[in-house]
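Worksheet for the structure shown next.
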Amino acid sequence: MELRQLRYFVTLAEELHFGRAAAREHIVQSALSQQIQRLERELRVPLVERSTHHVRLTAAGTLLLAEARLILSHVDRAAAAARTMTGTDAVLRVAMGDASFDTMPVVLAAVREHHPNLLEVHEVEAGVPEQCRLLAQGRLDVGIGRAVQLPAGVASEVIRLDRLGVLVADDHVWAHRLAVSLAEVAGEPLVFADESRAPEYNEFIRELCRTGGFAAKAYPGTVHSVLGARRLVRDGHAVACVPRSCAPLPGLRWIPLAEPAYYPWSLLWRANGETEAVRSIRCCARMLAERLGWTSRREPAEAPVTGLRAG
């Protein structure tokens, strides 16, 4: 589902005439009709009844109209809030977490696109425990990671459910598989992050293994990042369990788990210190999550998206 399809649907619902709705949206009538049909196929329900004499909303269409108006109003408010950000709070100090993952870079690319002159972004690579300390000290505005056991002064919002898989060497026996089961992972040593840097991530992987009925077999040593695990995985000493958003690494392949599991990425910020800049990045993250399907448990859009304009 795309924002432009919702806009076209709302316009058609208001006009109840394909020709007039197409004219309002400045597109040809056939294109409008195709977009409405695609929306109906995506939702698997008819939204409008068509005849040579009238266009009428179905019951499902009437329900969708109310929700679509709410969604579009949120999008418009988010864009307006982003545009009104002033230079007084246009400095944003952002933690990237592990720089091997693309969630925060994609969000920041969208923010920079909307504020090329106003927004100054300072990026910090830090794990969640360090992010919480920096937030409490006022030295960080926004962080990212799994939001578990956060201090009372840190607020959070899930922006992405990231499919889990395993990183293996190009010559690993699994390298050309379409999926790998948790039961198979039980026999492989897993490389974990340093506990002081990413305890929430380590615990997530251990919990995942426990759901598969086994205790994780840990490689005797830890790393500070996915990039640090590359040599161990490439040389066949271990495999790494990481989300899909991990950047491609030469000599390695990412394979999804056969039993779908999702790592929850959340934005983190000071609960009592939300500036206009922080609100803007939250708005951008929500809009990207909607457009790319980040918070659904379906395969995400493949095309990179940096802009947030609907249509």
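The values are calculated or read from the model by the stated rules, or taken from the named source; none is laboratory data. The structure displayed is predicted, hence computed values, not measured ones. Using ideal geometry, Cβ is built from the backbone for each residue, glycine included, and neighbour counts are taken over all protein chains shown. Protein only, heavy atoms only, side chains kept; ligands, DNA and RNA dropped before computing areas. Shrake-Rupley method; radii C 1.70, N 1.55, O 1.52, S 1.80 Å.
When the residues of segment 17-46 are filtered to those that are part of a loop (DSSP other than H, G, I, E, B), under 16 Å from residue 58 (Cβ atoms) and in contact with a helix residue (DSSP H, G or I) (Cβ under 9 Å, 6 or more places away or on another chain), the one that is least open to solvent (accessible area, probe 1.4 Å) is 45. Here is the figure for segment 98-110: residues that are open to solvent by less than 10 Å² (accessible area, probe 1.4 Å) and small (Gly, Ala, Ser) total 1. Restricted to segment 77-97, and to residues there that are in a loop (DSSP other than H, G, I, E, B) and over 18 Å from residue 156 (Cα atoms), the residue that is modelled with the lowest pLDDT is 86. If only one of 175, 155, 147 is surrounded by fewer than 20 Cβ atoms within 10 Å (Cβ to Cβ), closer than 21 Å to residue 239 by Cα and aliphatic (A, V, I, L, M), which one is it? Exactly one of 175, 155, 147 is surrounded by fewer than 20 Cβ atoms within 10 Å (Cβ to Cβ), closer than 21 Å to residue 239 by Cα and aliphatic (A, V, I, L, M), namely 175.
Hey, any hits in segment 46-60 for a residue that's charged (D, E, K, R) and in contact with a Ser or Thr (Cβ under 9 Å, 6 or more places away or on another chain)? Looking for residues that are charged (D, E, K, R) and in contact with a Ser or Thr (Cβ under 9 Å, 6 or more places away or on another chain), one finds at least one in segment 46-60, hence yes. Note on segment 127-144: residues that are open to solvent by less than 40 Å² (accessible area, probe 1.4 Å), more than 20 Å from residue 224 (Cβ to Cβ) and hydrophobic (A, V, I, L, M, F, W, C) total 2.
Go through 215, 179 for me and flag whichever is of a type in the set (Gly, Ala, Ser) and within 22 Å of the chain's Cα centre (by Cα).
On the way: 215 fails: within 22 Å of the chain's Cα centre (by Cα).
The conditions single out 179.
Count of segment 218-240 residues, restricted to those that are over 17 Å from residue 182 (Cβ atoms) and either in a helix (DSSP H, G or I) or within 26 Å of the chain's Cα centre (by Cα) (or both), is 12.
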